[in-house]
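Notes for the one structure printed next.
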Amino acid sequence: MIRLAEEFFDMKNDPEQISVDGESMARLKEIHPATMSEEKEENGPIAWILVIPTAHELMEAFIQGEINERELLDRTLPGGVYDALYLCSALVLPEYRGKGLARRVTSRAISAIRRDHPLRSLFYWSFSGAGDALAASVARECGLRLYRRKSAPASLV
C-alpha cells in the first residue's frame with residue numbers, strides 16, 4: 001500500500017503533501033483513531049484511507065490555497081473540536097477496485113469521527129476522476145457538504 005501511495009501521489013517529490021511516516025502517523029492517531037482506516041483480507045490490507053478532521057477555518061484556508069496539506073496537518077491540533085473533514089487519500093489494490101471498498105471504509109471512518117465531532121463538511125484535493133467520484137459519493141451518503149481545492153498538486157503539474 002505504501003508503494004502504491006508513493007507511486008500515485010509522488011509525496012516525496014511534493015513538499016506540500018503529507019508524507020505518511022511514523023511521525024505523521026502518530027500525529028494522525030492523536031487527532032482521531034479513525035484517521036487511518038483499512039479493509040483487510042487474510043494477506044493484508046486491500047483498501048486504505050486517510051482522512052483528517054480539522055476546523056472549518058483551516059478547511060477554508062486550504063481550499064483557497066492559503067495553506068498546503070502539510071500545513072493543514074501541522075495546524076490541526078489534537079484535542080480540538082473538528083467540524084470539517086479532509087478526504088486526504090484512498091487507495092485500493094487494483095484487483096479490488098470498482099467494488100465500493102474505498103467508499104465503505106471512508107464512510108465507516110466518518111461515522112466514527114462523527115461520534116466525537118460535529119462534522120459539517122468534507123473537502124478534498126483532486127488528483128483523479130476516481131477521487132472526484134469517491135468524494136461526491138461519500139458526501140451524498142453522509143449528507144455532508146463537499147468542497148474541492150481547485151489547484152492541482154505540484155506533482156501533477
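Using C-alpha pairs below 8 Å separated by at least 6 residues, the relative contact order for the chain is 25 percent.
For the chain, state the average projected area of the convex hull of the C-alpha atoms over all orientations, rounded to one decimal in nm². So the Cα hull casts an average projection of 8.7 nm².
Our estimate of slack between Glu66 and Lys150, defined as 0.36 nm per intervening residue step minus the Cα-Cα distance, is 29.0 nm. The GluC sites (Glu not before Pro) of segment 55-157 that meet both conditions, a loop assignment by DSSP and at most 14 other Cβ atoms within 10 Å of the site Cβ, are Glu66. 3J(HN,Hα) couplings calculated from phi for segment 20-32 with the Karplus curve 6.51 cos²θ - 1.76 cosθ + 1.60 (θ = phi - 60°) are, in sequence order, 7, 10, x, 5, 5, 5, 5, 5, 4, 4, 5, 5, 6 Hz; Gly and Pro show x.
Of all DSSP beta bridges located in segment 39-157, what percent are antiparallel, nearest 5?
55 percent
Calculate for the chain the 222 nm mean residue ellipticity that helices alone would give, adding -39,500 (n - 2.57) per DSSP H run of length 4 or more and normalising by residue count, nearest 500 deg cm²/dmol. Rounded to the nearest 500, it is -11500 deg cm²/dmol.
Any read-out appearing in this document is the output of simple, stated calculations on the displayed coordinates, not a laboratory observation. If you're wondering where the values come from, they're calculated on a predicted model, not measured in any experiment. We place every Cβ from the backbone using ideal geometry, glycine too, and count neighbours over all the protein chains shown.
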